[in-house]
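A.B. asks: Provided herewith is a single structure, encoded as C-alpha cells, for subsequent inquiry.
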Amino acid sequence: MSSVPLNAGAPSPASAGPLATLKALRGRLPAWLPWFVGRLLSGIGVVLVISFIVFGATQALPSDPARIILGPEAPEHTVDTLRRQLGLDRPLVLQYADWAQQVLSGNLGRSIDSSVPVGELMAGRFANSLTLTLAVAAVAFPLALVLGIFMALRRDSLADRAVLSSVVLFKAVPGFVIGICLVMIFSTSVFSILPAASLLDPSLPAWRQPQYLVLPTATLALSVATYLLRLVRASMIEAMDSEYVTAARLRGVPERRIIWRHAVPNALIPAIQGVAMTFRVLFGGAVLAEVIFSYPGIGNTLNAAIEMRDLPLIQGIVLVITVGVVVINLAADLITVLLTPRLRTATRIRARSPGLRNAASLWRTGKSWRVSV
Amino acid sequence: MSAHASSLRTVLSARQVRFGLVLTLAVVGFALFGPLFAPHAHTDLVGITYGRPTAGAPLGYDYIGHDVWSRVLAGGVSVVWMSLAAAAIALAAGTALGLLAAFARRRVDQAIVWFTDVFMAFPDLILVLLIVSMLGRDHWIIVLTVAVAFAPGVVRLSRGIALGVVNQEFVEAAEMMGYPRSRILFREILPSILTPLLVHLGIMLTWAVGMLSGLAFLGYGVAPPAADWGLMINENRAGLLIQPAAVFGPVLLIALFALGTNLLAEGVGRVTSRIEERKS
Amino acid sequence: MRAGLAAGGGLVLGGLLPGCSDGGKAPEGAAVLTDTPRRGGTVRFGVIEGGQAGNLDAHKPVGSGAFRGWALYAKLWEWGLDARPKLALAEETEVNADATEWTIRLHKGLEFHHGKTITADDVIFSLLRLTDPQLASPYAGYLYSLLRNDVKKLDERTVRIPFEKGAGLVALAECWMSWGGIVPTDYDPVSNVVGAGPYRLKSFTPGQRSVFTRFDNYFKAGQPYFDQVEILDFSDQTGRLQALQAGQIDIAPNLPFEQLAFLQADPRFEVVASETDVWHSFDMNLEKAPFDDPRVRRAFRLIADRDELVARVLQGQGRVANDLYSPSDPAFNHDIPQRRQDLAEATRLLKEAGHGNGLDVELVTAGGAGANAALVFAQQAKKAGVNVTVTKVDGSIFTGPKRNDWTFSTGGSVSRPFLLTVQQHDGPRAVGNKTHFKDPRFAELITQALGQPDLDKRRALIGEAQRIQHESGGMLIWGYSNVLDAVSKDIGGVTPDRTGFAGWRTDRIWRRSLTA
C-alpha cells in the first residue's frame, strides 16, 4: 500500500518565468515561499475574475435599478433621467473600467438605493457580521476542541456514541430550522427571556449589545461546531493511533504528556482547515440566520441589495467577501505548512492546498486522506 | 466483481448504514407515493385560514385554507427529486471535469483547478441567489444552480483520487504498453474512485436538502401554489403559534430526510474505509 | 380661522378638494380619544419595505423613506382622517375661476427644525425641487401642467402657482399632501435634512434604524408627544411579528392579513383596522389574447367569487368591489349593480368566444396579498373550465421594465380619489396602464372631468366613464381591503383612518403608561 497522507496533489507543471527566478533564490529563501507567491498571485486572479463575473451577472439581472428605485408610478422619462444620472446607459466595459478605477483609489461608489457611500454602509454591516462570526468562533471552537479531544480519548464509550448521534442530528437539520426552533423556545412560545429580533442599535458596537447576539450565535454555533467536533475527534483518534505515540508509550512517557505534548498539537493541524472552512461559511453564508433574526449583517444586506438591484453595493460586498475568502484560505494553508515540519522543510511543495484534502477526508469518513491500491 | 458484491454486503451489514438506508427510503417512499393518498389536491381550498387539526384534516389547514396533510403528502416529490438531481448532476459533471484534469495535466488541468478555485471562493448562497434572480425560478434552473455550486468540490475530490492512481506504476506501464486511455479509465480508475464519490454524493444530498429548503425559505426556491416542504415552512411561519402543525410537519420530514441521507453517507464512508484498511 | 379664501376654493372644486374648507374645528383627535395624551417617552415603529433601504428625501421618498417623511416634514395640506386634504402649514388657499392659478398663504410664525422662519421662498424652492427633472422624482408627473418658470412670490407668506390653461384641473392638494414636504432653501436630503415636521432627525442608518427627537416648535400646539421616535427597518414579516411579541417594537403598520388571527389572540395588542379604498385587482391585457375579446373579460369577471376572495385573502378585512376603484370619491357611481359570480353565464360567454374546450391562462404575481388572491382565483376558475397557472416572479421583475406587458397579472393600489387613480392606471395619460385600456369615449370623458370644477357635472362625466370601465375595462377589481396596524395597548392615539395611514401619524400618538 502506498499511503500519501498530505500532499497527494498535482505535480506542478514546469516552472514559468517568474518562478524560475525564485528558484534561483531558493538557497536563501524558505522553500515554501515560491509556493506562497504562486498562491498569492492565483488568489488575486480569482478576485479579479469574480469581480468581473459579478459585474456581468448584475448587469444581466432582469429589471432595471432605476425603475425599481422610482417605483411603478414613475413615468418613463423620469426613469430615463435617473438611469442617465446613474451611468447605467453606458456600455458595460466602460462601467466596469470606471468601477475598477474607483475601487483602486479606495472608493466603492454610492449605494443606488440609499445614496450613502458603499464603504460607509458596508463598514457597519461587516463589523456586525465579524462580531457575530467571532462570537460563534468563541463558542464553537473551544466546544469542538474540548469535546472532540474528550470523545477521542473515550472512543466508542457511551458518552462518545451519545454525543456523536446527537451531533448527526444538528448536522443534518438545516440551520434555519434550528433557528426557528430556538426562537420559539427562548423568545416567543416557551420562555421569553431573549429578544427574537436582533435590532442592534447602530450607534453602539455590536459586542456591547450581547443580548442580541445570543440566539444567532447559538444557531450558527450549533450547525458549525458539529463539523469541527467530528474533525477534531477523527484527527485526534488518528494521532493517538500513530507510530510516534506508540513509540512514546514504549519509551514510558506518561500518558498525560503524550496526549498534550504529542497527540493534541498534531491533531490540531487538520483543524486549522476546519476553522478556515467555518470562517468561510460564516462570512458568506449566514444569510438564513440573519434573515430569521433580522440581524443587520452582511448577508441580509446582500440579499436586499440583490432584490433592489443595487449594483455598487452588490459589487462592493462580493468583492470584500471574495478577498476575505481568498485570504482565509491562504492563511490556513500557510499556517498548515509552517506547522507541519515535513512541509516546512520540503524542497518543493506540490499540493496547492496542503492539508485541505486531509481535513475534508477526516470530515467525511473519519479517516485521513489515503490512496489505496 | 465478487469482491464488490462482498464489500456491498459488508457495507449493508453495518447498523448505521441500514438505519440510514431505511430512513432515506421511507422518506423517499413517502414523497413518491404520498400524492396517491392525498385526500385533496394540494391546491384545493377546503378549510379556513390556519384552521386547527380536525378528524378529516389531521394536520389542520394552512395560511390560505389548503389541507396541510395533503400538501405534506404532495410536497416531498420536489424536495426529493430536486436534491437528488442536483447532487447527481454535480457528481457527474464534477467527476468528468476532475478526471479530465487528472488525465490532461498541464494547461487544461491548471485551468480547471483554477476555475474551481474561483467557484469555491464564491459563497454558495450568493451564487445561487444571483443565478436565480437572473434566470428565474424554474425547478430545473434551481437544480442546475445548486449543482454548479457543488460541482467544484467534486472536481477537487475526483481529480485528487485520479491523480493518485494515474501516477502509479501499473498505469504508466499500461500506457507504455499502448492500452487505450479509455480502458485505463474504466478498468483502473473508476472503480477506485467510486466509493469515495458515492460517500460524497450522500453528503451533497444532505447539503442539497438544506440549501433547497433554505432557498424556498428565502423566497427564491419553488414558488406557490406548488407544494414543497421548504416552501411550506416559509408560508406558514406566521401561523406558527396558532397552527404549529403546518410548520412542524414539513420541518420533521426535511429533518428526517437529511438525517437519513447523512447517516447513510457517513456509514458507508466509515465502513468502506474500514474495508480498505483490512485489504491493505 | 381657516375659512375665507379656502372655503371658496372648496366650493369651486367641489368633491375633488373638499377638505380645504375644514374651518375652525378643534384639533382632530382630541375628541375621539378616551385617554389624555401625555408628553415623554419613546415609540418604536417596525416597518417593512421589501429589501429597500430607502432615503430621507422629502420629494423623492423611496422605500421606507415615505414613512420617515411623515415624521420629518410638514406640508401645506395634510391627509385628513377622511382621506381628503386638510390645510396644514397653509392658512388659506384659493383657486381662480378657470382653475389655472393657485394662491397659497402660509400661517404666520412657522419655523423649521433649525429655527429659520418658513417663507414663500421656501415654498417655491420646495415646489420647484419636487418638479425638477434632474431630481427625477416619480411623483413630479402628477403636476404635469405646472408652469415652473412663472411661480411667483406675492409677499413673504404668499405664493401664486400657475398651471397651463386647458390641460385640465390639477390635483395640487392631493399631490402636495403626499409628496410636498416644505423644506428650507438650504435643504439637502443627505447632509442637511431639515423640515418642519413633528420630529427632527437624530440619526439615520439605512436599512436598519432611524431616530428622531421631538420638534418643540411644531405648528400644532402641544404636539407631538414623544421625546423620541425610532423607526426600525425589517426585511422579514415573521421577524417583525416576533419583535412585536417580544416588546421590541410598539407599532407594526400594514400588517399582512394572515397575521391577524394571531395578533387578535394576544391581549397585549390591538389591531387597528382602517376601512380604506385600497383596491385589489386582476389586470387583463386588452392587447393580448384571450383578453382582446370582451366576452372573455366579462366571463372572467363573472368567474370571480368576490366574497370568497375577501374572506380568504383579506381574512374578511375588506369589502367586495364592483370592478371599479375609489368608492369614497364623491363622484363615484354607486348605481351600477354589483357584479356577482355567475359560472353558467361565464361558461356560456367563454364558449361563445371559442373557448368551449377550456382555456389556459398564466396569472403573474409578485407575492403578498396578490399572490394569495391569485391562488384563490385559480381554484375558482377551474369551475368554469379555465386553467389558471399562477407564476410568481420577484417584485423587482414584476414592477420592472416589463410591468405593463403581462397578459394577466395581479394589481391594485392605495386609497386615492378617482381622478388621481385614473391618471395612474387606465386614463388617457396613464403611466402604468397594465390593461392597455384605450376607449376614445372614456378618454374624452376623463379629459372633460379633469377640467370640470363643478361636482354635479363632474359626477355625470365620471359616472358614464365608470359605466364604460365596468362594461369593457380590463380590470377585475374584486375587493377593497382594510389597512391593519398592530399597536401595543400601551400606545394611545392610533385610530381607524380612511387613508390607511393610521399607524404613520407620529404627531398624535403617546404612551399610556407614562405617569403625568
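The values are calculated or read from the model by the stated rules, or taken from the named source; none is laboratory data. Quick caveat, the model's predicted, so the values are computed rather than measured. Methodologically, a virtual Cβ is constructed for each residue, glycine included, from the backbone with ideal geometry; neighbour enumeration extends over all protein chains shown. We work out accessible area using only protein heavy atoms, side chains counted, and drop any ligands, DNA or RNA first. Shrake-Rupley method; radii C 1.70, N 1.55, O 1.52, S 1.80 Å.
A.B. asks: Give me the one-decimal nm value for the distance between modelled label points at C:T407 and C:T391, 7 Å along each residue's Cα-to-Cβ direction.
C.D. replies: So the label points at C:T407 and C:T391 sit 0.8 nm apart.
A.B. asks: Largest first, please: the extent of the C-alpha atoms of the range C:93-198 along each principal axis, to the nearest Å.
C.D. replies: Reported extents, whole Å, longest axis first: 41, 30, 23.
A.B. asks: Further, regarding this structure: So, with +1 on the Cβ of K and R and -1 on the Cβ of D and E, and no other charges, what is the size of the charge dipole of the range A:118-365 about its Cα centre, to the nearest 20 debye?
C.D. replies: Numbers: 22 positive and 12 negative charges, 230 e Å.
I would put it at about 1100 debye.
A.B. asks: Give me the net charge for the shell around C:E164: Cβ to Cβ below 15 angstrom, other residues only, Lys and Arg +1, Asp and Glu -1. Provide the component values of the computation, followed by the final result.
C.D. replies: On the way: positive: C:R148, C:R160, C:K165, C:R429; negative: C:D98, C:E101, C:D150.
Local charge sum for C:E164: +1.
A.B. asks: Can you give me the pair-distance distribution of chain B, C-alpha pairs, 10 Å bins, whole percents?
C.D. replies: Pairs per bin, as whole percents: 7, 24, 28, 21, 12, 6, 2, 0.
A.B. asks: While we're here: When only alpha-carbon atoms count, how far does the range A:52-151 stretch along each of its three principal axes, as whole angstroms with the largest first?
C.D. replies: Result, largest extent first: 68, 33, 24 Å.
A.B. asks: What's the extension gain from B:L198 to B:D44 if we count 0.36 nm per residue and subtract their Cα-Cα distance? Kindly include the intermediate steps, with their values, before the conclusion.
C.D. replies: Working: separation 154, 0.36 × 154 = 55.44 nm, distance 4.00 nm.
Fully extending the segment from B:L198 to B:D44 adds 51.4 nm.
A.B. asks: A follow-up question, please. Please report the equivalent ellipsoid semi-axes of the range A:118-365, computed as sqrt(5 x eigenvalue) of the Cα gyration tensor, largest first, in whole Å.
C.D. replies: On the way: eigenvalues 263, 114, 38 Å².
Computed over the range A:118-365, the values are 36, 24, 14 Å.
A.B. asks: Related question: Taking a quarter of the surface of the convex hull around the Cα atoms of the protein assembly as shown, what do you get in nm²?
C.D. replies: Numbers: hull surface 206.7 nm².
Projected over every direction and averaged, the Cα hull of the protein assembly as shown covers 51.7 nm².
A.B. asks: Also: Going by Cα centres, the range A:188-232 and the range B:205-266 are how many Å apart?
C.D. replies: 22 Å
A.B. asks: Kindly state, to the nearest 0.05, the FRET efficiency for A:V93 paired with C:R348, given R0 = 51 Å and r defined as their beta-carbon distance.
C.D. replies: Values: r = 59 Å, r/R0 = 1.16.
Working from the Cβ atoms, E equals 0.30.
A.B. asks: Give the long-range amide H neighbours of C:V183: residues separated by 5 or more places, or on another chain, with amide H under 5 Å away, using H modelled in the peptide plane at 1.01 Å from N.
C.D. replies: C:S126
A.B. asks: Taking the Cα centre of the range A:31-104 as origin, work out the dipole magnitude from +1 charges on Lys and Arg Cβ and -1 charges on Asp and Glu Cβ, in debye rounded to 20. Mind dumping the intermediate values first?
C.D. replies: Values: 5 positive and 6 negative charges, 69 e Å.
Charge dipole of the range A:31-104: 340 debye, to the nearest 20.
A.B. asks: Relative to the Cα centre, what is the charge dipole magnitude of chain C, using +1 at the beta carbon of each Lys and Arg, -1 at the beta carbon of each Asp and Glu, and rounding to the nearest 20 debye? If you can, show how the numbers build up before the last one.
C.D. replies: Values: 59 positive and 62 negative charges, 79 e Å.
Once rounded to the nearest 20, the dipole reads 380 debye.
A.B. asks: With every protein chain kept in place and ligands, DNA and RNA left out, what is the accessible area per residue of the range C:237-394? Probe 1.4 Å, answer in Å².
C.D. replies: Working: 5530 Å² over 158 residues.
Here the residues of the range C:237-394 average 35 Å² of exposed surface.
A.B. asks: Evaluate Rg over Rh across chain C, taking Cα atoms for both radii and Kirkwood's formula for Rh. Each step should come with its number before you reach the end.
C.D. replies: Details: Rg = 23.3 Å, Rh = 24.0 Å.
Rg/Rh for chain C comes to 0.97.
A.B. asks: Put +1 on the Cβ of every Lys and Arg and -1 on every Asp and Glu Cβ in the protein assembly as shown; which of B:G210, C:Y218, C:A265 then has its Cα farthest towards the positive end of the dipole?
C.D. replies: B:G210
A.B. asks: Show the residues, 5+ positions off or on another chain, whose built amide H is closer than 5 Å to the amide H of C:V278.
C.D. replies: C:S415, C:S481
A.B. asks: To make sure I understand the rule: partners must be lysines, Cα under 27 Å from the Cα of C:K153, and not fewer than 8 residues away in the same chain. Which ones qualify?
C.D. replies: List returned: C:K60, C:K75, C:K86, C:K108, C:K116, C:K165, C:K220.
A.B. asks: Using only the alpha-carbon atoms of the range C:213-271, report the extent along each of the three principal axes, biggest first, to the nearest angstrom.
C.D. replies: Cα spread of the range C:213-271 along its principal axes, largest to smallest: 41, 23, 19 Å.
A.B. asks: A further question follows. Distance from the Cα centre of the range A:50-126 to that of the range B:42-76, in angstrom?
C.D. replies: With the range A:50-126 and the range B:42-76 each reduced to a Cα centre, they are spaced 44 Å.
A.B. asks: Hey, if you put +1 on the Cβ of every Lys and Arg and -1 on every Asp and Glu Cβ in the range A:118-365, which of A:I314, A:L231, A:G299 ends up farthest toward the positive end of that dipole?
C.D. replies: The one lying farthest along the dipole's positive direction is A:L231.
A.B. asks: Separate question: Quick one: which residues, 5+ away or cross-chain, put their amide H under 5 Å from the amide H of C:Q208? H built at 1.01 Å from N.
C.D. replies: C:D233
A.B. asks: Per residue of the range A:221-226, what does 6.51 cos²θ - 1.76 cosθ + 1.60 with θ = phi - 60° give for ³J(HN,Hα)? Whole Hz please, x for Gly and Pro, Karplus curve as stated.
C.D. replies: Each residue's phi maps through the Karplus curve to give 4, 4, 6, 7, 4, 4 Hz.
A.B. asks: Compute the orientation-averaged projected area for the range B:120-226 from the convex hull of its Cα atoms and round it to one decimal in nm². Mind showing how you got there, number by number?
C.D. replies: Values: hull surface 33.8 nm².
Mean projected area for the range B:120-226: 8.5 nm², to one decimal.
A.B. asks: Any idea of the accessible area per residue across the range B:93-228, 1.4 Å probe, to the nearest Å²? Write down the numbers at each step before the final one.
C.D. replies: Numbers: 5180 Å² over 136 residues.
Heavy-atom SASA per residue in the range B:93-228 reads 38 Å².
A.B. asks: Let me ask another. Distances longer than 20 Å among the Cα atoms of the range A:31-104: what percent of all pairs is that?
C.D. replies: Values: 1336 of 2701 pairs.
Every Cα pair in the range A:31-104 considered, those over 20 Å come to 49 percent.
A.B. asks: How many nm separate the modelled label positions at C:A97 and B:I141, each set 7 Å beyond the Cα in the direction of the Cβ?
C.D. replies: Spacing of the two 7 Å Cα→Cβ label points: 6.1 nm.
A.B. asks: Under a 10 Å cutoff between Cα atoms, tell me which one of B:T195, B:T206, B:T54 has the largest fluctuation in the Gaussian network model of chain B.
C.D. replies: Judging by the Gaussian network model, the answer is B:T54.
A.B. asks: Expressed as a whole number of Å, what is the distance separating the alpha-carbon centroids of the range C:383-437 and the range C:36-76?
C.D. replies: Cα centroid to Cα centroid, the span is 27 Å.
A.B. asks: On to the next question. In whole Hz and in residue order, list the ³J(HN,Hα) couplings for the range A:154-169 that follow from phi through the Karplus curve 6.51 cos²θ - 1.76 cosθ + 1.60, θ = phi - 60°; x for Gly and Pro.
C.D. replies: Running phi through 6.51 cos²θ - 1.76 cosθ + 1.60 with θ = phi - 60° gives 10, 3, 6, 6, 4, 4, 4, 5, 4, 5, 4, 6, 6, 5, 4, 4 Hz.
A.B. asks: Leaving ligands, DNA and RNA out of it, rank C:S235, A:S294 by accessible area with a 1.4 Å probe, largest first. Please report the intermediate quantities before stating the final value.
C.D. replies: Working: C:S235 65, A:S294 15 Å².
So, going from the largest accessible area down, we get C:S235, A:S294.
A.B. asks: Hey, another quick one. Which of the residues in the range C:256-280 lose at least 30 Å² of accessible area when you go from the chain alone to all protein chains together (probe 1.4 Å)?
C.D. replies: Listed by number, the residues meeting the 30 Å² cut-off are C:E258, C:F262.
A.B. asks: With a 1.4 Å probe on protein heavy atoms only, tell me which residues of the range C:116-137 lose at least 20 Å² of accessible surface in the complex relative to the chain by itself.
C.D. replies: Buried by 20 Å² or more upon assembly, which counts only protein chains, are C:Q134, C:A136.
A.B. asks: Give me a comma-separated list of calculated 3J(HN,Hα) values for the range A:265-271, in order, Karplus coefficients 6.51, -1.76, 1.60 applied at θ = phi - 60°, integers in Hz, x for any Gly or Pro.
C.D. replies: x, 6, 5, 7, 4, x, 5
A.B. asks: With runs of 4+ DSSP H residues as the only contributors, calculate the mean residue ellipticity of chain C at 222 nm using -39,500 (n - 2.57) per run, divided by the residue total and rounded to the nearest 500. Walk me through the intermediate numbers first.
C.D. replies: Details: 14 runs with 133 residues, N = 516.
Taking each H run of at least 4 residues, the total per residue is -7500 deg cm²/dmol.
A.B. asks: Among the trypsin sites (Lys or Arg not before Pro) in the range C:462-502, which ones are in a DSSP loop with at most 16 other Cβ atoms within 10 Å of the Cβ? Mind listing them? Could you put the intermediate results ahead of the total?
C.D. replies: Values: sites: C:R467, C:K489, C:R498; in loops: C:K489, C:R498.
Taking the range C:462-502 and a limit of 16 other Cβ atoms within 10 Å, the loop trypsin sites (Lys or Arg not before Pro) found are C:K489.
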